[in-house]
Amino acid sequence: MKDAGIQTGDVMIVDRSLEPKNRSIVLAVIDGDFTVKRVKIEKDHIYLIPENKNYDPIKVTEENEFIVWGVVTYVVKKV
């Protein structure tokens with residue numbers, strides 16, 4: 001998520017009570033793995049979009065075990 005300003009060592013504040021909106025940055029679990037991505041919500045599909053050009057978007061399908069664990073609301077930068 002480096003292109004969103006989230007770097008290794010930063011601390012994220014995640015609000016589990018919020019519903020993700022299109023373009024929200026979320027902490028999600030897909031097939032047992034935690035990931036931080038921007039969520040793209042379309043009519044029939046959900047995509048997890050990385051903010052790093054070295055990674056490809058992930059299309060969430062019915063075959064995936066998927067849950068949004070929470071919405072990232074703040075990032076505390078490491079000094």
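The values are calculated or read from the model by the stated rules, or taken from the named source; none is laboratory data. The model shown is predicted, which means the values in this text are computed figures rather than measured ones. Please note: Cβ atoms are built from the backbone with ideal geometry, for glycine as well, and neighbour counts cover all protein chains shown. These area figures cover heavy atoms from the full protein model, side chains too; ligands, DNA and RNA do not enter into them. Shrake-Rupley method; radii C 1.70, N 1.55, O 1.52, S 1.80 Å.
Points worth noting:
- Student exercise, the chain dipole from Lys, Arg, Asp, Glu Cβ charges, in Debye to nearest 20: 480
- For the residues THR61, THR8, THR35, a 1.4 Å probe over the protein chains yields an accessible-area ranking, largest first, of THR8, THR61, THR35.
- Dimensions of the chain from C-alpha coordinates, computed as largest minus smallest value along each principal axis and given longest first, are 41, 31, 23 Å.
- With K and R counted +1 and D and E -1, the other residues having a Cβ less than 15 Å from that of GLY9 yield a net charge of +2.
- Based on Cα contacts under 8 Å between residues 6+ apart, the chain shows a relative contact order of 42 percent.
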